[in-house]
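Undergrad: Pasting in a structure now, in structure tokens, and then I'll have a few things to ask.
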Amino acid sequence: MQTIKMSERELAERREAADVASKRLQAAKKEIRKHEHAVRQEDGEESAEFEKCNFREFDDLVMKDLGGRFKEDGRWPLVIDHSKQIATFMRYRDTNYL
């Protein structure tokens, strides 16, 4: 019984550490995106209204709204996907989309 309690305590500590690491990772990704966005704007590659992202970044940017851009703005995101990967992704995430 003592071994089980020790294991449960260790598991709880590891979960807490994983949560902290996950939050730090999300914050770092947010800072990287801000920096990349600023560099692209300086180079004249995109306007402030539009932001390009690859498929791997889509979950963080749109689904999780890292940075809170959509929450602050109040508008829904418009996603243009020529590859049809995002439609499949959103179907499996059980979201509403057109």
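Undergrad: Output the residue which, of all residues in the range 83-98 that are among the polar types (S, T, N, Q) and part of a loop (DSSP other than H, G, I, E, B), is surrounded by the fewest Cβ atoms within 10 Å (Cβ to Cβ). Give the derivation first.
TA: Let us first name the residues in the range 83-98 that are among the polar types (S, T, N, Q), namely 83, 85, 88, 95-96.
Keeping just the survivors that are part of a loop (DSSP other than H, G, I, E, B) gives 83, 95-96.
On the way: SER83: 8, THR95: 10, ASN96: 5.
Looking at the filtered set, the residue picked out is ASN96.
Let's see how each residue does on (1) surrounded by 12 or more Cβ atoms within 10 Å (Cβ to Cβ); (2) touching a Lys or Arg at 6+ places or on another chain (Cβ under 6 Å); (3) basic (Lys, Arg); (4) at pLDDT 80 or above:
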residue	(1), (2), (3), (4)
ALA48	no, no, no, no
PHE58	yes, no, no, yes
LEU61	yes, no, no, no
ASP81	yes, no, no, yes
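The values are calculated or read from the model by the stated rules, or taken from the named source; none is laboratory data. Bear in mind that the values here come from a model prediction, so they are computed numbers and not experimental data. A quick note on method: Cβ atoms are made from the backbone with ideal geometry, for glycine too, and the neighbour counts reach across all protein chains shown.
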